[in-house]
Number of protein chains: 2
Amino acid sequence: MTNGRAGAAAEPPRRTDARLNRERLVAAAREVFAEAGPGASLNEIARRAGVGPGTLYRHFPDRSALLSAVLSDRIERLGAQAERLLVSEDADEALEQWLRAFLAHARVNQGMGSALLVEPAGESGPDCHRRILDMATGLLDRAQLHGSARADLTADDLLHLVIGIALSTTQDDRPGRPEFLLDLALDAVHGSPRRKG
Amino acid sequence: MTNGRAGAAAEPPRRTDARLNRERLVAAAREVFAEAGPGASLNEIARRAGVGPGTLYRHFPDRSALLSAVLSDRIERLGAQAERLLVSEDADEALEQWLRAFLAHARVNQGMGSALLVEPAGESGPDCHRRILDMATGLLDRAQLHGSARADLTADDLLHLVIGIALSTTQDDRPGRPEFLLDLALDAVHGSPRRKG
DNA sequence: CACAAAACGGAGAGGTTCTCCGCTTCCTCT
DNA sequence: AGAGGAAGCGGAGAACCTCTCCGTTTTGTG
């Protein structure tokens, strides 16, 4: 299930020129999104890829499809790390490490990954969301069973917290701040529920 | 002092028609933003206010200026509550209550308030951000001094956490979820730093 | 080599943000 | 009251964006 085959499932473009253009588009998108954020002009991406707008839209019906494509390899890497961590010794430590990696992932994309992950509304990128949720679920389950993570927590909540940290610190360039916030959240994960006042 | 001096500081429009148009614009913006979110068309707002686009842009040089105006009364209310809570008995409880109110505030605006608060980049809306930060600082200071809030926390961090919760749950309509996440964050606020693994 | 299918690219429709400037409305001063 | 100047209005329009449609080019194949 975490074998990651699903990610590489998309192999639609048959003709070699189509394949090439697709790759160019993803490369250009990676650049432009990095420069201008997730709201960057798709026209500009097409231009920089050296193709017409029509070509872009045939390959990627909407913005989130393109975002998914850009993020997919990063997500693959997260998946690989999750698999490694799932068989590690310390379940708590595994969860923590993965969440750190996930935070970095979410931040690096200026929240564009997060946008996708929070709202799987887009037709094309639901598995993006699913995969991440699966990873988190696996690691959290284990940390609840064999570690000290509190039981009343869902993977969904945890991801929302971390995504929130990423989103709310994209403009903040003080180093270490997001990590500090993550530490706070991790404290909460291991703490037991407070008595309500 | 809750008379809104600071908030009403902007009193530029002298002529009565200008004043009126400004109010119409804010009212229309409140409606349209509520319907279509913070990315709503400014043209549409102008149309619904019964003024030309030019008029809108003279009163509010950019989108965030308009957002600020819409939010300002809500922020006034938050400020009033902060003042009440600042002289309440239980400093921890005061902070908690205010954060709950702030979370509701941030969520109600579909994250548009949050967007403003996180990035005071816009020329027009920095005091929006300042005021909120001041409120949070006051309440947190007191909770650290007289309550049980941990000392290594800044108001900025706290706001980021809560804003993050708001942002990452705007699409989530399961009731109580955001509050649960806030509870988690509050646990962290009162917990002591964990030993690193 | 020829030919169908696949893919391309760009013109263009419809929307948006934001500016510019001639015209209208208000306020003030005599 | 009435006139003059300043403040404000509004909409035409430039520049841009998303996304579609379809004639033309490219590719793989028999």
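Being at the interface with chain A (Cβ under 7 Å from one of its Cβ atoms) and either not acidic (D, E) or not in a helix (DSSP H, G or I) (or both) is true for just one of B:L184, B:L153. Which residue is that?
B:L184
Would you be able to say whether some residue in the range A:70-84 is more than 16 Å from DNA strand C (Cβ to nearest atom), surrounded by 18 or more Cβ atoms within 10 Å (Cβ to Cβ) and farther than 30 Å from A:G138 by Cα?
Within the range A:70-84 (the criterion being more than 16 Å from DNA strand C (Cβ to nearest atom), surrounded by 18 or more Cβ atoms within 10 Å (Cβ to Cβ) and farther than 30 Å from A:G138 by Cα), the answer is no, since none of the residues qualifies.
Consider only pairs whose beta carbons are under 7 Å apart and that are at least six residues apart or on different chains; among these, list those whose first residue lies in the range B:138-161 and is assigned by TED's automatic domain parsing to the domain that holds B:E89 and whose second residue is in a helix (DSSP H, G or I) and hydroxyl-bearing (S, T, Y).
Here the result reads B:A155/B:T137; B:H160/A:S168, each pair linking the range B:138-161 to a residue that is in a helix (DSSP H, G or I) and hydroxyl-bearing (S, T, Y).
Which residues, counting only those in the range A:19-41, are within 11 Å of DNA strand C (Cβ to nearest atom) and in contact with a helix residue (DSSP H, G or I) (Cβ under 8 Å, 6 or more places away or on another chain)?
A:N21, A:R22, A:R24, A:L25, A:S41
Here are some conditions: (1) away from DNA strand C (no atom under 16 Å from the Cβ); (2) without any contact (Cβ under 8 Å) to a residue 40 or more places away in the chain. B:Y57 meets all but one. Which one does it not meet?
Checking B:Y57 against (1) away from DNA strand C (no atom under 16 Å from the Cβ); (2) without any contact (Cβ under 8 Å) to a residue 40 or more places away in the chain, the one that fails is (1).
Residues are listed down the side, and each one gets a yes or a no for (1) on the phi > 0 side of the Ramachandran plot; (2) away from chain A (no Cβ under 14 Å); (3) away from DNA strand D (no atom under 15 Å from the Cβ); (4) of a type in the set (A, V, I, L, M, F, W, C):
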position	(1), (2), (3), (4)
B:E31	no, yes, yes, no
B:G39	no, no, no, no
B:R47	no, yes, no, no
B:G54	no, yes, no, no
B:P61	no, yes, no, no
B:L85	no, no, yes, yes
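Residues being facing chain B (nearest Cβ under 7 Å) and surrounded by fewer than 24 Cβ atoms within 10 Å (Cβ to Cβ): count how many of those fall in the range A:161-176.
1
Restricting the search to the range A:132-156, which residues are at pLDDT below 90 and crowded, with 21+ Cβ neighbours inside 10 Å?
Scanning the range A:132-156 gives a single hit, A:I132.
Determine whether B:R77 is at pLDDT below 90 and assigned by TED's automatic domain parsing to the domain that holds B:T170.
yes
The values are calculated or read from the model by the stated rules, or taken from the named source; none is laboratory data. Quick caveat, the model's predicted, so the values are computed rather than measured. Note that we place each Cβ from the backbone using ideal geometry, even for glycine, and neighbour counts take in every protein chain shown.
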